[in-house]
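Q: Structure provided below as structure tokens; questions to follow.
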Amino acid sequence: MALSEVHDPPARLGRRRWLRLDLTTPTLLGLPLAWLVVFFLAPIAIVAAYSFDVYSLNPGPHGFTLTAWHDFLHSSVYLRLFWKSVKLSLTVSAIIVLLAYPLAYYLALSGTKRKYILLLLLIAPFLTSYLLRVLAWKVILGNQGAVNTFLFWTGLRSPDHPLSQLLYSRFAVMLVLGYIWLPFVALPIFVSLESLDRRLLEAASDLGASRLQAFRRVTLPLSLPGVVAAFLFVFIPTLGEFVTPSLVGGASGYLYGNQIVDLFGTGFPDWETGSVLAIFLLGVVGALTIVFARFLQPGEVTVD
Amino acid sequence: MDVALSKNGARLLRAFFALVVVFLYAPIVILLIFSFNNSAVPSFPLSGFTFHWYHEFLANPDLKAALETSGIIAALSSVGAVVLGLLAAMALTRRRFVGKSAVSALLLSPLVIPYVVFGISLLLFFHTVGVPRSVLTVVIGHIVISVPYTLLVLVPRLNQIDVSLEEAAFDLGASRLRTFRSITLPLIVPAVVSAFLIAFTTSFDEYAVASFVVGTRVTFPIYLYSALRFPSQLPQVIAVAVVVLVLSLVVVVAAEVGRRIVERRFASLESS
């Protein structure tokens, strides 16, 4: 009755129709979806097209072919490099999840009053510049860096024999990646431990379980989704990492991501092969994301 | 008896926590120390106190231009991302429509794409459609990667607020737009501000994607990356690093504290 009249005040309707930009679903979703389709999906589709030689940097005839894919799947070089990246990312992710678990446990379950301040203290470095934190390690690990010159200065090591394995090595890549991602990993674990019902632990204790048993049988299984999420949150981005290895990795820290970049570089660009490598990486990451999707749900975003 | 931790266990974990915090902040402190060190090579022993490197970077026109470019890009892309994120978040939280989970998956998917893949995708895209690389192409890429972050902040907040307030306004004759302006927006201002800050810092710091689509005006991270190859520039880069790191730590802490205070106030208002 009256409500519909209020919503369509006849006097204003004609004059201001063009202004009645109301928040209908298409109005709300149109722009965000269009943006993602044009600037996210379409670019990926173009990379896929390059990988099948539908597009090419080379002049001359070209059309759909699987040559680049065939070469890639039969090349030991690229696949070995991919495997090296997988192993390195797995190692880094596993180590920092193990390190982050006790941190999150302490924050969530020790009953400290300052837990949010401490959590912020832990997370804050992650929210500062990525590149600058890599730079810090370059300054620290170099042959003339903080660690080595400190060792020379204190006489623990002679300046002729610096610890040269510190920088430009696989070790440096792992250390820096671990340093960068550690604060972030603690977060999902903290969230899962924080939501744990303490009464379950009390019940376990009342029924005679030791703390260790209660941890093994109650806390750990219930926090596992957070652990899996934490693991993937590091594994996925580090798998294609190229910035850290190019700054601190040297030759032995050269990873799959660096190979992709170099195939699009100025030296000898090979966009077809580079596209294959990129789409392959995307496929692996996409498959992981779909398989583990239920662990990656960022809580309330996918509500319905 | 505490069921989760023994006294000694808690002590042990506290010590471990402290150790990790030292590990996290030590590199930043070392940069801070070297930024005041009177030597062209950042090494021990320290050779004296100086402000020279700070003066030098303040007088460096390339660096200033790069900071300015990054500021412009971060401002444009964070506004863009917040607008897109807000539109999408309203649809996801206030509307029913077919394919909602697919839509939210698409909007969040930039979170998991390796940046190297997204970077070359944009490079090939702009190459194919014939758009020259510029500040604008970086902004476009940064909006894509920031939208999911804005959603992660805005959607939970929109789910928190009481829909009956909006329904009341709507029943009283306000249009949806008016309802949004007068009821919803004021309630989510803190979340909008933190979404904006997250998008801004994401863009300001972003190297990987920008490195593929940047034009002749380089951004701050790209300037830094190339400066790292020249040892003579290292000390002033360290000085800049200290300024940026300390500033961003302050902003992060202030934003978080501010958000907490404001939301607590809202919570008490809503419950009363």
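Q: Across segment B:65-88, what is the number of residues that are more than 16 Å from the chain's Cα centre (by Cα), touching a residue at least 12 places away in the same chain (Cβ under 8 Å) and away from chain A (no Cβ under 14 Å)?
A: So the count comes out to 2.
Q: Please specify each residue of segment A:182-228 satisfying the condition of being hydroxyl-bearing (S, T, Y) and under 29 Å from the mean Cα position of the chain (by Cα).
A: Taking segment A:182-228 first, the residues hydroxyl-bearing (S, T, Y) are A:192, A:195, A:205, A:210, A:219, A:223.
Answer for segment A:182-228, where residues must be hydroxyl-bearing (S, T, Y) and under 29 Å from the mean Cα position of the chain (by Cα): A:S192, A:S195, A:T219, A:S223.
Q: Scan segment A:249-290 for residues that are more than 10 Å from chain B (Cβ to nearest Cβ), assigned to a helix (DSSP H, G or I) and β-branched (V, I, T) and jot them down.
A: Residues satisfying the conditions are A:T273, A:V276.
Q: Run down B:A105, B:A169, B:A174 and say which single residue is closer than 30 Å to A:L277 by Cβ and of a type in the set (A, V, I, L, M). Talk me through it step by step, then tell me what you get.
A: Details: B:A169 fails: closer than 30 Å to A:L277 by Cβ; B:A174 fails: closer than 30 Å to A:L277 by Cβ.
Sole residue among the options that is closer than 30 Å to A:L277 by Cβ and of a type in the set (A, V, I, L, M): B:A105.
Q: List the helices (runs of 4 or more DSSP H) that sit entirely inside segment A:1-64 and contain at least 3 residues that are modelled with pLDDT under 70 and either under 16 Å from B:R176 (Cβ atoms) or among the hydroxyl-bearing types (S, T, Y) (or both). Quick ask: steps written out before the conclusion?
A: Values: elements: A:2-7, A:10-13, A:25-36, A:42-51.
Of the helices (runs of 4 or more DSSP H) lying wholly inside segment A:1-64, those with at least 3 residues that are modelled with pLDDT under 70 and either under 16 Å from B:R176 (Cβ atoms) or among the hydroxyl-bearing types (S, T, Y) (or both) span A:2-7.
Q: Could you go through segment B:123-141 and let me know if any residue there is polar (S, T, N, Q), within 30 Å of A:S56 (Cβ to Cβ), part of a helix (DSSP H, G or I) and facing chain A (nearest Cβ under 7 Å). Let's see the steps before the verdict.
A: Taking segment B:123-141 first, the residues polar (S, T, N, Q) are B:128, B:134, B:137.
Now drop any that are not within 30 Å of A:S56 (Cβ to Cβ), which leaves B:128, B:134, B:137.
Narrowing further to those that are part of a helix (DSSP H, G or I): B:128, B:137.
Now narrow it down to the ones that are facing chain A (nearest Cβ under 7 Å): B:128.
Yes, segment B:123-141 has at least one match.
Here is a yes/no grid of residues against (1) more than 30 Å from A:A104 (Cβ to Cβ); (2) crowded, with 20+ Cβ neighbours inside 10 Å; (3) within 11 Å of chain A (Cβ to nearest Cβ):
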| site | (1), (2), (3) |
| --- | --- |
| B:V21 | no, no, yes |
| B:P27 | no, yes, yes |
| B:I30 | no, yes, yes |
| B:V41 | yes, no, yes |
| B:F49 | yes, no, no |
| B:E56 | yes, no, no |
| B:L63 | yes, yes, no |
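Q: Condition check: in contact (Cβ under 8 Å) with a residue 12 or more places away in the chain and under 30 Å from B:I161 (Cα atoms). Does B:A40 satisfy that?
A: Numbers: in contact (Cβ under 8 Å) with a residue 12 or more places away in the chain: yes; under 30 Å from B:I161 (Cα atoms): no.
Criteria not met by B:A40.
Q: Follow-up question, since we're still on this one. Within segment B:252-262, work out how many residues are surrounded by fewer than 16 Cβ atoms within 10 Å (Cβ to Cβ) and within 13 Å of another protein chain (Cβ to nearest Cβ). So that I can check it myself, show each step before the final result.
A: As a first pass, look at segment B:252-262 and keep what is surrounded by fewer than 16 Cβ atoms within 10 Å (Cβ to Cβ): B:253-254, B:257-258, B:260-262.
Right, trim to within 13 Å of another protein chain (Cβ to nearest Cβ) and you get B:253-254, B:257-258, B:260-261.
Summing the residues that are surrounded by fewer than 16 Cβ atoms within 10 Å (Cβ to Cβ) and within 13 Å of another protein chain (Cβ to nearest Cβ) in segment B:252-262 gives 6.
Q: Additional query: Identify, from the list B:T202, B:T179, B:T184, the residue that is in contact with a Phe, Trp or Tyr (Cβ under 9 Å, 6 or more places away or on another chain), in contact (Cβ under 8 Å) with a residue 60 or more places away in the chain and within 17 Å of B:L86 (Cβ to Cβ). Full working, then the answer.
A: Working: B:T179 fails: in contact (Cβ under 8 Å) with a residue 60 or more places away in the chain; B:T184 fails: in contact with a Phe, Trp or Tyr (Cβ under 9 Å, 6 or more places away or on another chain).
When all the criteria are applied, what remains is B:T202.
The values are calculated or read from the model by the stated rules, or taken from the named source; none is laboratory data. Small disclaimer: the values here were computed from a predicted structure and weren't measured. Counting neighbours? That spans all protein chains shown, and the Cβs are built from the backbone with ideal geometry, glycine included.
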